[in-house]
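First the structure, in the form of C-alpha cells, and then the observations on it.
Nothing in this text is a laboratory measurement; each read-out follows from the coordinates by a stated rule. Just so we're clear, the structure is a prediction, and the values are computed from it rather than from any experiment. Counting neighbours? That spans all protein chains shown, and the Cβs are built from the backbone with ideal geometry, glycine included.
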Amino acid sequence: MSATQRRRRTAVGLPRPTRDAGRRVTELGHDRPEMARERARTERRDLDKERGEPLAGARGGKRRLKRMGRPLDAWSTRPRILVTNDDGIESHGIVALKRALDPIGEVVVVAPESNQSAVGHQKTLSRPLRVRERTLPDGSVGYSVDGSPTDAVSLGLLGFFEEPFDLVASGINYGANLGDDLTYSGTVSAAMEAVINSTPAFAISQEYSERVDFTLAGIAAARVARNILEHGLRRGELVNVNVPAVSPDECGGIEVTRLGKRVYQDQLIGRVDPRGLPYYWIGGPPPSGIGLPGTDFHAIVNRRISVTPVHLDLTGRRLLRELPGWDWALDTAAVSEEDAAVARPPATEQERFAEESQLERR
Ligand code: MN
C-alpha cells in the first residue's frame, strides 16, 4: 500500500474521537465569527469590483489558494486533484478522466454511487451520507457516496481527506452540457460546488454518440487541468468543456466559446401503469440548439472542443439597471385578516419548523 493510500485510509475514520476531532468540527462549522467577518469583507470588496478578487494571494487564504497559478514544475509538491462526476463511480468516463490527470497530480476519485445525471446542484441535508471504498477498473482506490455530485465534492473539500485539493475535475460526462444544460447538469454543479468552496474547477462532457470513445476528451482534460493549475482562476470562475464525438485526428482543435442557446424538445408522455393508474414521463428527442458562431453549441457541431468560461454571478445586469425604475411601494393595506391568518402557521407548526432547522444546523 502506498503512502497516499494509507493517508486516504486513515482519513476515512473522520471524525476521530480526539481533541483534534472536536477542533476540526469547529473549523468546519459555518458560524465562526471570523468567517462571518471574512464574508462581510468579501462582500464589501465585491461591491467595488464586479468580478471579484483573484484566488491567488487572497488574504488569509488557505495553502491551496496561494499555490494557484504557477508553472507545474514550480510546484513544491504535486497538485492534488479531486475527480468526480454525475454518471456515477461505475461510469467509464470517470476512469478516463482519472487516468488523463494521473500524470499531472495526485488524483483522488469520489463520485456518486449511482447515476445522478440532471440532478443539478442537489445537496443532501435530510439524511446521513454513506461512503464506500471502491476498487476502480484500473485497480486504484476510489470512493462512492450515496448522494449527489455536490455531496461528493463537499465530502472531499470539507475534510473527509486529510489534505485539501488544488483542483476539482468533474466528468467525463456521457452527453454534452451546452448552454441552458448548465442549469440541470450535475456534472457542472459539482464544479460549481468546488468554486463555492474556493477551489478551482472544471467540468468536461463528451458529446453523445452510440459508440462512445473518451480518447479525445482525456487529452482535452489534461490540457485544461494544466492550464488552470498554471494560470489560476478567480473567485466565482469555472471552466466548462465539451468535446465532440470525433477522433483526435478529426478534431478541429479548441475554441474558447460563450454559452449558447439550447432548444429542448421535451414532451410529456402520459401512460397508464399495470394497476390502471396514470403516470407521466418527461421524454422526447434529445435537445438541439441555435448554431450561432462563437457559442459552445456551434463549436461542437463543427467538431471543435468547446472551452467556456463560466461565472457564478448570475445577476441580470440589464435588469439591475432597470428594476430600480419600477414601482416598489408595498401595498400593506391590501392584506385581509384572512390572508394574514393563513400566512402565519399555527403555533404547533412554528415549533416543528424551529426543531427541523435546529436538526439541519447540527
Ligand atoms: Mn451525466
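Applying the Karplus relation 6.51 cos²θ - 1.76 cosθ + 1.60 with θ = phi - 60° to the stretch 244-251 yields 3J(HN,Hα) values of x, 7, 9, 7, x, 5, 7, 7 Hz, where x marks Gly and Pro.
Going by a ≥ b ≥ c, the root eigenvalues of the Cα gyration tensor, does the stretch 68-200 fall in the rounded group (a/c under 1.5), the prolate group (a/b larger than b/c) or the oblate group? Taking the square roots of the gyration eigenvalues as a ≥ b ≥ c, the stretch 68-200 is rounded.
Summarising the label geometry, the points placed 7 Å from Cα in the beta-carbon direction at Arg317 and Gln122 lie 3.4 nm from one another. Would the stretch 222-331 count as rounded, prolate or oblate if I go by the C-alpha gyration tensor, calling it rounded below 1.5 in a/c and otherwise prolate when a/b exceeds b/c, oblate otherwise? Judged from the Cα gyration tensor, the stretch 222-331 comes out oblate (a/c at least 1.5, b/c at or above a/b).
Close amide-amide hydrogen proximity is noted between Thr295 and Arg258, each under 5 Å apart and 5 or more residues distant or on a separate chain (H modeled in the peptide plane; Pro and chain starts excluded).
Entry note, the stretch 96-233: relative contact order of 27 percent, from Cα contacts under 8 Å with a spacing of 6+ residues. For the peptides 200-207, 69-76, 140-147, 326-333, residues were scored by their other Cβ atoms within 10 Å and the scores averaged per peptide; the highest-first order is 200-207, 140-147, 69-76, 326-333. By its C-alpha gyration tensor, with a ≥ b ≥ c as the square roots of the eigenvalues, how is the stretch 322-361 shaped: rounded for a/c under 1.5, else prolate for a/b larger than b/c, else oblate? Judged from the Cα gyration tensor, the stretch 322-361 comes out oblate (a/c at least 1.5, b/c at or above a/b). Between amide H atoms placed 1.01 Å from N, distances below 5 Å from Ser148 occur with Thr124, all of them 5 or more places distant or on a separate chain. Peptide packing for 110-117, 274-281 was compared via the average number of neighbouring C-beta atoms within 10 Å per residue; ordered from the highest value, the list is 110-117, 274-281.
Positive-end ranking of Ser357, Trp328, Ala340 along the dipole of the stretch 322-361, with charges on Cβ about the Cα centre, is headed by Ser357. In this rough spin-label picture, where each label sits 7 Å from Cα along the Cβ direction, the Arg275-Leu158 distance is 3.6 nm.
In what order do Thr295, Thr215 fall by count of nearby beta-carbon atoms within 10 Å, going from fewest to most?
Values: Thr295 22, Thr215 14.
Ranking Thr295, Thr215 by Cβ neighbours within 10 Å, fewest first, gives Thr215, Thr295.
So for Glu250, Glu210, Glu90, fewest C-beta neighbours within 10 Å to most, what's the order?
Working: Glu250 10, Glu210 5, Glu90 16.
The most exposed by this proxy come first: Glu210, Glu250, Glu90.
If the segment from Trp328 to Leu129 were pulled out straight at 0.36 nm per residue, it would be longer than the present Cα-Cα gap by 67.3 nm.
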